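The values are calculated or read from the model by the stated rules, or taken from the named source; none is laboratory data. These figures come from a predicted structure and were not determined experimentally. Here Cβ is always computed from backbone atoms with ideal geometry, including for glycine, and neighbour counts include all displayed protein chains.
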Number of protein chains: 2
Amino acid sequence: MFREKLKVLDCTIRDGGLINNYHFSDDFVKAVYQGVCKSGVDYMEIGKKLCESDVYTREAYGKWNFCDEDDLKRIVDSYEGETRSVLAVMYDVGRVDTHSLLPAEQSVVGMIRTACYVADIDKGLDLVKACKDQGYETTINIMAPSAAIETDLIEALQQVEETPEVDYLYFVDSFGAFYSEQITAFLKLFKTYAPSKELGFHGHNNQQLAFSNTQQCIIEGVNLLDATVNGIGRGAGNCNLELLLNFLKNPKFDVRPVYKVIQDYMIDLRKEIEWGFNDIYGVSGYLNQHPRAAMKQRSDQENKDNCYDFLLESLGDLE
Amino acid sequence: MFREKLKVLDCTIRDGGLINNYHFSDDFVKAVYQGVCKSGVDYMEIGKKLCESDVYTREAYGKWNFCDEDDLKRIVDSYEGETRSVLAVMYDVGRVDTHSLLPAEQSVVGMIRTACYVADIDKGLDLVKACKDQGYETTINIMAPSAAIETDLIEALQQVEETPEVDYLYFVDSFGAFYSEQITAFLKLFKTYAPSKELGFHGHNNQQLAFSNTQQCIIEGVNLLDATVNGIGRGAGNCNLELLLNFLKNPKFDVRPVYKVIQDYMIDLRKEIEWGFNDIYGVSGYLNQHPRAAMKQRSDQENKDNCYDFLLESLGDLE
């Protein structure tokens with residue numbers, strides 16, 4: 001599949017950081033940055049840009065939850081190659097401070113992505129406007145549309161359409177719940193009610209469909225695609241960047257640096273933290289549930305593999 | 001997705017047996033049989049039906065490579081439930097003896113599936129005819145069409161069309177190489193050149209696409225779908241039966257017995273044998289290669305995770 005407008009965003013550090021509270025070493029983040037840049041991937045999301053506070057400390061929550069300019073510069077300066085991915089960070093509604101945001105020309109960050117639920121769309125769009133005012137490329141990432149009431153989702157999409165500060169409108173399969181036919185049906189809503197917006201997609205792999213749903217989105221005209229090295233990400237993880245680059249025929253991409261990062265770093269990392277499909281996450285995705293309960297089950301060493309029990313509990317058969 | 005003609009075939013023992021030379025315990029095979037029957041799955045393929053010989057012994061190759069009637073009856077008789085899957089076995093071209101085949105009414109087997117490459121289509125169809133003569137339901141499973149020359153594939157499809165003894169014509173993604181668009185393109189050939197045949201699909205999960213490609217086949221009118229419990233199968237494994245049953249809306253299926261088998265047996269089995277996606281198989285699928293080299297790499301403890309090296313070697317960059 002080749003389409004010139006297709007772009008890829010690596011969110012290895014940002015989504016992977018949800019597993020370990022953003023406690024990645026500089027060494028690891030530098031390796032990912034270099035691999036992603038060398039592979040020709042268009043954007044790299046390197047963390048969240050949240051507010052520090054007495055309870056929300058850097059020690060507990062890791063520096064890639066805050067993405068201070070100094071921390072970012074150290075990563076960026078560690079790489080001397082010519083091809084560079086645009087650096088992105090994520091905003092969460094209610095946990096950021098737009099007043100401290102540097103103008104884009106003074107920052108190494110080029111894109112700010114704002115994640116929000118349908119219910120918070122007004123707050124989300126306010127953040128997008130603040131980012132655009134400072135000169136950043138922007139996205140609004142509507143989370144968990146599979147759990148939204150359709151009329152509310154449509155209203156949110158209409159609001160996005162009326163907000164010129166939004167560069168990309170993201171469709172996010174937060175629960176890993178969608179099948180390809182549903183991807184098509186939901187994107188029809190997105191295209192109907194926000195026809196002027198470029199679209200993005202962020203999948204989760206609960207049912208082993210993150211990659212195939214990303215392909216379906218490409219077929220349906222989505223032009224900005226999220227993926228992570230080796231599929232790392234919360235719970236069942238995300239679309240594997242290496243599989244996606246293999247699929248895309250665009251000559252600007254070179255998949256080899258991604259495989260190098262996997263071989264050199266991800267195999268060892270898997271000994272410390274877990275991600276990827278298993279049947280607990282499969283049940284969670286099938287039932288269109290927040291992965292909270294599934295992650296809790298996976299952290300319970302005695303019951304982590306008891307997918308039958310988890311299914312029955314989830315279905316309420318044991319109540 | 002509900003379509004009354006849709007049927008599911010479990011090949012847990014037959015494809016899983018490729019990993020351990022069919023050395024599954026009776027206890028395990030009974031548990032799978034019971035789970036599959038209880039879940040309402042239409043067919044269960046319990047092994048291959050090959051010829052024993054001095055070099056090809058039962059000790060080395062496992063009883064589910066031979067599927068003697070006595071062995072099968074022991075499994076069938078261990079289950080007392082009312083819902084029963086039709087038992088199937090697989091024939092490989094060149095390794096079977098049709099003269100010893102019992103008439104279907106004297107056997108617990110109801111279906112014989114013949115696997116062959118495009119080049120062996122004549123031999124394959126001869127086997128199908130012999131099976132049909134004895135009263136069995138039949139399939140012809142054309143392996144590795146992704147590696148066939150199109151004109152040869154078309155000729156084979158035309159021969160299948162002219163063979164009334166074939167009940168199902170299978171499209172087999174042996175190398176886990178297909179993307180959904182290619183599934184559609186190949187099925188167009190199948191439907192054009194063998195228009196009277198009911199179609200089946202057998203996927204492999206090298207690129208995490210076995211399940212999604214099975215969905216694509218359903219959309220394209222395929223009515224017999226292969227899957228295995230927990231996705232067990234050679235290399236990257238197959239379409240996960242539990243995911244497929246979750247997807248299918250047919251009320252005849254009950255997924256819970258499948259999850260029970262996973263919880264009670266498959267988790268422990270994973271400690272002994274390996275299956276499922278990893279980036280070695282991903283490279284193999286992407287390059288449309290027989291999984292032989294990938295399996296060899298996975299069995300080399302020192303290099304099993306070196307996906308970057310494997311990619312370069314596969315691409316010939318190291319030559």
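Can you name every residue in segment B:175-199 that is crowded, with 24+ Cβ neighbours inside 10 Å and either under 11 Å from residue B:142 (Cα atoms) or not β-branched (Val, Ile, Thr) (or both)?
Pass one, segment B:175-199, residues crowded, with 24+ Cβ neighbours inside 10 Å: B:175-176, B:178, B:183, B:190.
Listed by number, the residues that qualify are B:175, B:176, B:178, B:190.
Give the residues of segment B:91-143 that are more than 26 Å from residue B:33 (Cα to Cα), under 20 Å from the mean Cα position of the chain (by Cα) and surrounded by fewer than 16 Cβ atoms within 10 Å (Cβ to Cβ), sorted by residue number.
B:94, B:119, B:123
Taking the conditions exactly as written (buried (at least 24 other Cβ atoms within 10 Å of the Cβ), in contact with a Phe, Trp or Tyr (Cβ under 7 Å, 6 or more places away or on another chain) and touching a residue at least 40 places away in the same chain (Cβ under 8 Å)), does residue B:205 satisfy them or not? Quick ask: steps written out before the conclusion?
On the way: buried (at least 24 other Cβ atoms within 10 Å of the Cβ): yes; in contact with a Phe, Trp or Tyr (Cβ under 7 Å, 6 or more places away or on another chain): yes; touching a residue at least 40 places away in the same chain (Cβ under 8 Å): yes.
So residue B:205 passes the test.
Checking residue A:249 against (1) modelled with pLDDT under 95; (2) under 20 Å from residue B:242 (Cβ atoms), only one condition comes out false. Which one?
(2)
Which of the residues that make up segment B:175-218 are assigned to a helix (DSSP H, G or I), more than 11 Å from every other protein chain (Cβ to nearest Cβ) and among the aromatic types (Phe, Trp, Tyr)?
B:186, B:190, B:193
Working only within segment A:219-244, note down all residues that are in a helix (DSSP H, G or I) and surrounded by fewer than 24 Cβ atoms within 10 Å (Cβ to Cβ). Even if it seems obvious, please write down each step before you answer.
Within segment A:219-244, the subset in a helix (DSSP H, G or I) is A:219, A:229-231, A:241-244.
Once the filter is applied, which keeps residues that are in a helix (DSSP H, G or I) and surrounded by fewer than 24 Cβ atoms within 10 Å (Cβ to Cβ), segment A:219-244 yields only A:219.
Consider residue B:259 carefully, then state whether it is of a type outside the set (Lys, Arg), part of a helix (DSSP H, G or I) and not assigned by TED's automatic domain parsing to the domain that holds residue B:47. Walk me through it before giving the result.
Working: of a type outside the set (Lys, Arg): yes; part of a helix (DSSP H, G or I): yes; not assigned by TED's automatic domain parsing to the domain that holds residue B:47: no.
No, not satisfied.
Cβ-Cβ under 6 Å, sequence separation 6+ or interchain: first residue in segment B:162-173 and free of Cβ contacts under 8 Å to residues at least 24 places away in the same chain, partner of a type in the set (Gly, Ala, Ser). Which pairs?
Close Cβ pairs (under 6 Å, with a partner that is of a type in the set (Gly, Ala, Ser)) do not exist here.
Identify, by number, the condition in (1) aliphatic (A, V, I, L, M); (2) in contact with a helix residue (DSSP H, G or I) (Cβ under 8 Å, 6 or more places away or on another chain); (3) free of Cβ contacts under 8 Å to residues at least 40 places away in the same chain that residue B:109 doesn't meet.
The one condition residue B:109 does not meet is (3).
Got at least one residue in segment B:269-290 being of a type in the set (S, T, N, Q), farther than 18 Å from residue B:11 by Cβ and buried (at least 24 other Cβ atoms within 10 Å of the Cβ)? Working first, answer last.
First, the residues of segment B:269-290 that are of a type in the set (S, T, N, Q): B:278, B:284, B:288-289.
Applying the additional criterion that residues be farther than 18 Å from residue B:11 by Cβ yields B:278, B:284, B:288-289.
Filter once more, so that each one left must be buried (at least 24 other Cβ atoms within 10 Å of the Cβ): B:284.
Yes, segment B:269-290 contains at least one residue that is of a type in the set (S, T, N, Q), farther than 18 Å from residue B:11 by Cβ and buried (at least 24 other Cβ atoms within 10 Å of the Cβ).
Determine whether segment A:128-136 contains at least one residue that is assigned to a strand (DSSP E or B) and under 20 Å from residue A:200 (Cβ atoms).
Quick first cut of segment A:128-136, residues assigned to a strand (DSSP E or B) only: none.
Within segment A:128-136, not a single residue is assigned to a strand (DSSP E or B) and under 20 Å from residue A:200 (Cβ atoms).
Cβ-Cβ below 8 Å, separation at least six or inter-chain, first residue in segment A:242-264 and at the interface with another protein chain (Cβ under 7 Å from one of its Cβ atoms), second part of a loop (DSSP other than H, G, I, E, B) and surrounded by fewer than 17 Cβ atoms within 10 Å (Cβ to Cβ): which pairs?
The qualifying pairs are A:247/A:1.
Hey, does segment B:266-278 have a residue that's among the β-branched types (Val, Ile, Thr), at the interface with another protein chain (Cβ under 8 Å from one of its Cβ atoms), under 21 Å from residue B:208 (Cα atoms) and in contact (Cβ under 8 Å) with a residue 12 or more places away in the chain?
Initially, segment B:266-278 is screened for residues among the β-branched types (Val, Ile, Thr), giving B:267, B:273.
Now narrow it down to the ones that are at the interface with another protein chain (Cβ under 8 Å from one of its Cβ atoms): B:267.
Keeping just the survivors that are under 21 Å from residue B:208 (Cα atoms) gives B:267.
Narrowing further to those that are in contact (Cβ under 8 Å) with a residue 12 or more places away in the chain: none.
Looking for residues that are among the β-branched types (Val, Ile, Thr), at the interface with another protein chain (Cβ under 8 Å from one of its Cβ atoms), under 21 Å from residue B:208 (Cα atoms) and in contact (Cβ under 8 Å) with a residue 12 or more places away in the chain, one finds none in segment B:266-278, hence no.
Looking only at residues that are within 22 Å of residue A:225 (Cβ to Cβ) and of a type in the set (S, T, N, Q) in segment A:127-179, which one is modelled with the lowest pLDDT?
By that ranking, first place goes to A:146.
Among the listed residues B:45, B:52, B:4, B:69, identify the single one that is in contact with a helix residue (DSSP H, G or I) (Cβ under 9 Å, 6 or more places away or on another chain), acidic (Asp, Glu) and at pLDDT below 95. Quick ask: steps written out before the conclusion?
Numbers: B:45 fails: at pLDDT below 95; B:4 fails: in contact with a helix residue (DSSP H, G or I) (Cβ under 9 Å, 6 or more places away or on another chain); B:69 fails: at pLDDT below 95.
So the residue among B:45, B:52, B:4, B:69 that is in contact with a helix residue (DSSP H, G or I) (Cβ under 9 Å, 6 or more places away or on another chain), acidic (Asp, Glu) and at pLDDT below 95 is B:52.
Specify which of the listed residues (B:62, B:40, B:35, B:47) is within 18 Å of residue B:272 (Cβ to Cβ) and among the small types (Gly, Ala, Ser).
Details: B:40 fails: within 18 Å of residue B:272 (Cβ to Cβ); B:35 fails: within 18 Å of residue B:272 (Cβ to Cβ); B:47 fails: within 18 Å of residue B:272 (Cβ to Cβ).
Selected residue: B:62, the only one of B:62, B:40, B:35, B:47 that is within 18 Å of residue B:272 (Cβ to Cβ) and among the small types (Gly, Ala, Ser).
Go through segment A:21-56 and give me each residue that's of a type in the set (S, T, N, Q) and closer than 17 Å to residue A:261 by Cβ. Working first, answer last.
Keep residues of segment A:21-56 that are of a type in the set (S, T, N, Q), which gives A:21, A:25, A:34, A:39, A:53.
Of everything in segment A:21-56, those that are of a type in the set (S, T, N, Q) and closer than 17 Å to residue A:261 by Cβ turn out to be A:25, A:34, A:39.
Please go through (1) in contact with a helix residue (DSSP H, G or I) (Cβ under 8 Å, 6 or more places away or on another chain); (2) within 13 Å of chain A (Cβ to nearest Cβ); (3) at pLDDT 95 or above for residue B:318 and return the number of the only condition it doesn't satisfy.
Of everything listed in (1) in contact with a helix residue (DSSP H, G or I) (Cβ under 8 Å, 6 or more places away or on another chain); (2) within 13 Å of chain A (Cβ to nearest Cβ); (3) at pLDDT 95 or above, residue B:318 misses just condition (3).
Whether any residue in segment B:219-235 is more than 14 Å from chain A (Cβ to nearest Cβ), at pLDDT below 95 and out of contact with any helix residue (DSSP H, G or I) (no Cβ under 6 Å at 6 or more places or on another chain) is what I want to check.
So far as segment B:219-235 goes, no, none of its residues is more than 14 Å from chain A (Cβ to nearest Cβ), at pLDDT below 95 and out of contact with any helix residue (DSSP H, G or I) (no Cβ under 6 Å at 6 or more places or on another chain).
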